[in-house]
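Written out below as structure tokens is the structure these notes cover.
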Amino acid sequence: MGIELITTTEGLRTRLAELSQAERLRSAGFVPTMGALHSGHAALARRAAEENDLALASIFVNPLQFGEAVDLERYPRTLDADLELLDAAGVRLAFAPSVEEMYPYGEPGVRVTAGPLAAKWEGASRPGHFDGALTVVAKLLHLAHAPVPVNRAYFGQKDAQQLTLVQQMVDDLNLDVQIVPVPIVRDADGLALSSRNRFLSEAERESALVLSRALRLLEERAAAHEPLDLDSAVALVQSAPGVELDYFEVVDPRTLEPLAENCEFTPFRGEGLAIVAAKVGPVRLIDNAVLSS
Ligand SMILES: Nc1ncnc2c1ncn2[C@@H]1O[C@H](COP(=O)(O)OP(=O)(O)OP(=O)(O)O)[C@@H](O)[C@H]1O
Ligand SMILES: CC(C)(CO)[C@@H](O)C(=O)[O-]
Ligand code: BAL
């Protein structure tokens, strides 16, 4: 394996400076993750490696963005396999700091406030989640910033609200990085890949498929200029055993406000984002689909 594991902020800074100078790098592509990597992460990593002279990734389970302690404790940790996956994707540096390295003074007093966009959907169900996520993303973007002309950072569209908020933070705080969105990677049966999928039983996994099926239905109706009939998609999700729906809405992709066009009898026109979140057994799942006609 050629990948280098770095665990300290000082080590990362030093290595980025050395490589940038020695190899006259023009661009660096950064992939922030929480580890337990799967093919979705591999897609981000491959894009970062293909589109930049240097690709680097972070693996850090950020306590600040977790609500329930049990969710944090049981979050899967698979460092050796993660390094292999990143290496195969062309990533050269893996930054995997401890909690103490990232937060040496304990809980940070100064944090990023994610603002009104963070109050809805995922933010409503996971209070404080986006303040915690944006705070660590700001720190990571700073730490992973290479002394090269172009820095890029890669985020999955699966976490659509997070992606919108990260882009907003970069714009609002003039951070010197280009945010690159990467499409959702799914299993052959349609389930969006997620590190938490491993906690689904076979029956729960089968039930979870209604999420992508319902989104698919809306995609097809939108493309055919039919009324979306969101109610029937909601009913489909609710019909699956063990699925506890949190929200299912069609929103404006920029503002994340519900779309008026999403009414029962009007043919769909334009662009929308269908977003869904549900608890399936012990696991909270999210998924989304871009609607366009
Ligand atoms: N199926 C996927 N397709 C594309 N990108 C993904 C996918 N799953 C995760 N990502 C992206 O990978 C990055 C790291 O995500 P993270 O480590 O939280 O993985 P995860 O699988 O979403 O885990 P979980 O949902 O259980 O927290 C994020 O930018 C996320 O959007
Ligand atoms: C961006 C991120 C790595 C910050 O902890 C996390 O929220 C994630 O994995 O999506
Ligand atoms: N992928 C989002 C990170 C989280 O669930 O905390």
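Among the numbered criteria (1) without any contact (Cβ under 8 Å) to a residue 60 or more places away in the chain; (2) over 22 Å from GLN162 (Cα atoms); (3) among the hydrophobic types (A, V, I, L, M, F, W, C), which one does ILE6 miss?
(1)
Among the residues in the stretch 179-191, are any within 29 Å of PRO267 (Cα to Cα), open to solvent by 50 Å² or more (accessible area, probe 1.4 Å) and modelled with pLDDT under 95?
The answer is no, given that none of the residues of the stretch 179-191 is within 29 Å of PRO267 (Cα to Cα), open to solvent by 50 Å² or more (accessible area, probe 1.4 Å) and modelled with pLDDT under 95.
Considering only the stretch 36-62, how many residues are farther than 14 Å from PHE155 by Cα and near ligand 2 (Cβ under 10 Å from one of its atoms)?
4
Here is a list of conditions, (1) farther than 21 Å from SER98 by Cα; (2) modelled with pLDDT of 95 or more, and MET1 meets all of them except one; can you say which number that is?
Failing condition for MET1: (2).
Mind listing whichever residues of the stretch 159-178 are within 13 Å of ligand 3 (Cβ to nearest atom) and open to solvent by 40 Å² or more (accessible area, probe 1.4 Å)?
Answer for the stretch 159-178, where residues must be within 13 Å of ligand 3 (Cβ to nearest atom) and open to solvent by 40 Å² or more (accessible area, probe 1.4 Å): ASP159, GLN162.
Can you tell me which residue is nearest to LEU5 (Cα to Cα) among those in the stretch 103-125 that are surrounded by fewer than 19 Cβ atoms within 10 Å (Cβ to Cβ) and of a type in the set (A, V, I, L, M)?
For the stretch 103-125, the residue satisfying everything is VAL110.
Which condition number in (1) within 19 Å of the chain's Cα centre (by Cα); (2) within 15 Å of ligand 2 (Cβ to nearest atom); (3) farther than 18 Å from THR7 by Cβ is the one that LEU86 fails?
(3)
The values are calculated or read from the model by the stated rules, or taken from the named source; none is laboratory data. All figures in this text were calculated on a predicted structure; none of them were measured in a lab. For neighbour counting, all protein chains shown are included, and Cβ atoms are generated from backbone atoms with ideal geometry for every residue, glycine included. Heads up: the accessible areas ignore ligands, DNA and RNA and are worked out on the full protein's heavy atoms, side chains in. Shrake-Rupley method; radii C 1.70, N 1.55, O 1.52, S 1.80 Å.
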